[in-house]
1. Can you work out the accessible area per residue across the chain, with the rest of the protein chains kept in place, probe 1.4 Å, in square angstrom?
2. Report which label in (1) 45, 38, 16; (2) 34, 30, 23; (3) 35, 23, 20 holds the value of Cα extents along the principal axes in Å derived from the coordinates of this structure.
3. Long-range amide H contacts for Thr65: which residues qualify at under 5 Å (H placed 1.01 Å from N, peptide plane, sequence gap of 5 or more or a different chain)?
4. Given the whole protein assembly as supplied and a 1.4 Å probe, what does the accessible area of Asp38 come to in Å², nearest 10?
5. Quantify, in whole percent, the carbon and sulfur part of the accessible surface of the chain (1.4 Å probe; protein heavy atoms only).
6. For the pair Lys80 and Glu8, how long in nm is the line joining their label points, each one 7 Å along Cα→Cβ?
7. Excluding ligands and nucleic acids, what accessible area in Å² is computed for Thr23 using a 1.4 Å probe, to the nearest 10?
8. Over the heavy atoms of Ser39, what accessible area does a 1.4 Å probe trace out, to the nearest 10 Å²?
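The values are calculated or read from the model by the stated rules, or taken from the named source; none is laboratory data. Bear in mind the structure is a predicted one, so any value in this text is a computation, not a measurement. As a convention, Cβ positions derive from the backbone with ideal geometry for all residues, glycine included, and neighbour counts pool all protein chains shown. For accessibility, only protein heavy atoms count, side chains too; no ligands or nucleic acids. Shrake-Rupley method; radii C 1.70, N 1.55, O 1.52, S 1.80 Å.
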Amino acid sequence: MTEQEIFEKVKEIIVAQTGESDTAVTPQANIKDDLNADSLDVFEVINELEDEFDIKIESEDGIQTVQDLVDFVQKQLAAKEG
């Protein structure tokens, strides 16, 4: 799965959870500050990502932007294929 495909799926999940427009969800967007996601939104997004990609996200520490999420998912998928 390419980085762009992961980004599109992450974006879809964030838009569904936060109600933000898909144009607002850019790689540089801060999930909490720019996309107005509260703790519950972040929790729901992480749960959706875990289900979608069959990965485990232990902690949201260090995940601030959409790109952070994409990078994390990509790293998890690479380790799984490993």
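1. Value returned for the chain: 60 Å² of accessible area per residue.
2. (3)
3. The answer is Ile31.
4. Roll a 1.4 Å probe over it and Asp38 shows about 80 Å².
5. The nonpolar share, carbon plus sulfur, comes to 44 percent.
6. Each label point lies 7 Å from its Cα, and together they span 1.8 nm.
7. Thr23 exposes around 110 Å² with every protein chain in place.
8. Rounded to the nearest 10, that gives 80 Å².
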